[in-house]
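Have a look at the structure below, then the notes.
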Amino acid sequence: MSIAESMTGAGRQPVLSRRHAAGAEGARALLFTVLGIFVLPESRAVWTSTFIDVLGRLGVEEKASRQALMRTGADGWLTRQRQGRRTLWTLSPHAVRLLTEGAERIYGFTGAQQEWDGRWLLVLARAPESERSSRHLLRTRLAWAGLGSPAPGVWISTHPDRAPEAERVLSEAGVRDDAQIFVAEYRGGGRLSAMVRQAWDLQEIEGHYEEFLAEFADQPSDDPLAGLVQLVHAWRRFPFTDPALPRELLPNQWSGARAARLFQRQRAAWTAGAKAEWSRIAGAAD
């Protein structure tokens, strides 16, 4: 999961940012991908030099890598321990929780909803025009949760199980008491496909899938570590931009499932070599 650019004040928890979730470029965005792939599963402290080495393989200069680590630590995602002139970095408990949730969603995403019982999650919520921060939070976090808006103040999803997540967003935006949450069924009227097109830009999402397929379909990697980071970094946008609709609501030639199969195939091919190289780099830095 992606990360907020700023967090100030002691005791504040890391929060998610749609910009990073969508795979924005930059040292810090790549750092979050590295944390999720290699640091989270091992739960061990990592030297600054290890991050510099790995990010350098991805074209990030040393100065930018150091700045990314410092900002991520200042925002509550990493804690640091000085040993002489060297620094060890460890994930904070809040970072572990959020990165774990993100990993489950990223690695389990299949590009389409496998089973659907026809029920919809329906959220009616609006923030006052004067509350710009609440409006922004409501819009970005509901969209990040996979809900689309076919009309002002109306949010829908084919995943009723995301109601608790939607309720948390409403509470954080300060509109919970004035909002309504329903689990509903379609009973007739206009075509659902028209409502889906109003709620989500499927053509744009399809274009991103085609770019992913073109980039990774036939890409051998002499450096499986760099290849895996690039693969996950490119893929992680989709669970937070694609609403994972059931097949009956998707265009006939939808590329999501094909892209998901490619992701899993390349990930399986590169993971062992990538983790072995990470262990070698981390061990050499000890």
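The values are calculated or read from the model by the stated rules, or taken from the named source; none is laboratory data. Keep in mind that this is a model prediction, so the values were computed, not measured. Glycine also receives a Cβ, built like all others from the backbone with ideal geometry; neighbour counts cover every protein chain displayed.
In segment 140-158, the residues that are farther than 17 Å from L192 by Cβ and assigned to a loop (DSSP other than H, G, I, E, B) form Cβ pairs under 9 Å with partners that are modelled with pLDDT under 95 and acidic (D, E), at six or more places apart or across chains, as follows: A145/E165. For A244, the stated conditions hold: it is assigned to a loop (DSSP other than H, G, I, E, B), under 18 Å from the mean Cα position of the chain (by Cα) and closer than 28 Å to L99 by Cβ. Here A127 meets the list (1) surrounded by 12 or more Cβ atoms within 10 Å (Cβ to Cβ); (2) assigned to a strand (DSSP E or B) almost entirely, failing just condition (2). Test R126 against the criterion of being modelled with pLDDT under 95, basic (K, R) and in contact with an Asp or Glu (Cβ under 9 Å, 6 or more places away or on another chain), and give yes or no. So R126 fits the description; yes. Looking only at segment 163-184, decide whether some residue is part of a loop (DSSP other than H, G, I, E, B), more than 27 Å from G102 (Cβ to Cβ) and in contact with a Lys or Arg (Cβ under 9 Å, 6 or more places away or on another chain). So far as segment 163-184 goes, no, none of its residues is part of a loop (DSSP other than H, G, I, E, B), more than 27 Å from G102 (Cβ to Cβ) and in contact with a Lys or Arg (Cβ under 9 Å, 6 or more places away or on another chain). Can you tell me how many residues in segment 213-266 are charged (D, E, K, R), surrounded by fewer than 21 Cβ atoms within 10 Å (Cβ to Cβ) and touching a residue at least 60 places away in the same chain (Cβ under 8 Å)? Qualifying residue count, segment 213-266: 5. Can you tell me which residue is surrounded by the fewest Cβ atoms within 10 Å (Cβ to Cβ) among those in segment 52-89 that are polar (S, T, N, Q) and assigned to a helix (DSSP H, G or I)? This residue is Q67.
From the list S171, S134, exactly one residue is exposed (fewer than 13 other Cβ atoms within 10 Å of the Cβ), farther than 19 Å from W200 by Cβ and not acidic (D, E). Which is it?
Working: S134 fails: exposed (fewer than 13 other Cβ atoms within 10 Å of the Cβ).
Among S171, S134, only S171 is exposed (fewer than 13 other Cβ atoms within 10 Å of the Cβ), farther than 19 Å from W200 by Cβ and not acidic (D, E).
Pairing residues of segment 184-209 that are under 18 Å from A260 (Cβ atoms) and at pLDDT 95 or above with residues that are basic (K, R) and surrounded by 12 or more Cβ atoms within 10 Å (Cβ to Cβ), at Cβ distances under 8 Å and at least 6 apart in sequence or on separate chains, gives H208/R237; Y209/R258.
Suppose the filter is among the acidic types (D, E), without any contact (Cβ under 8 Å) to a residue 60 or more places away in the chain and under 21 Å from P246 (Cβ atoms); does E131 pass it? In short, no. When segment 95-132 is limited to residues that are basic (K, R) and within 23 Å of the chain's Cα centre (by Cα), the one that is farthest from A234 (Cα to Cα) turns out to be R97.
In segment 185-222, which residues are acidic (D, E) and in a helix (DSSP H, G or I)? Passing the criteria: E204, E206, E210, E211, E215.
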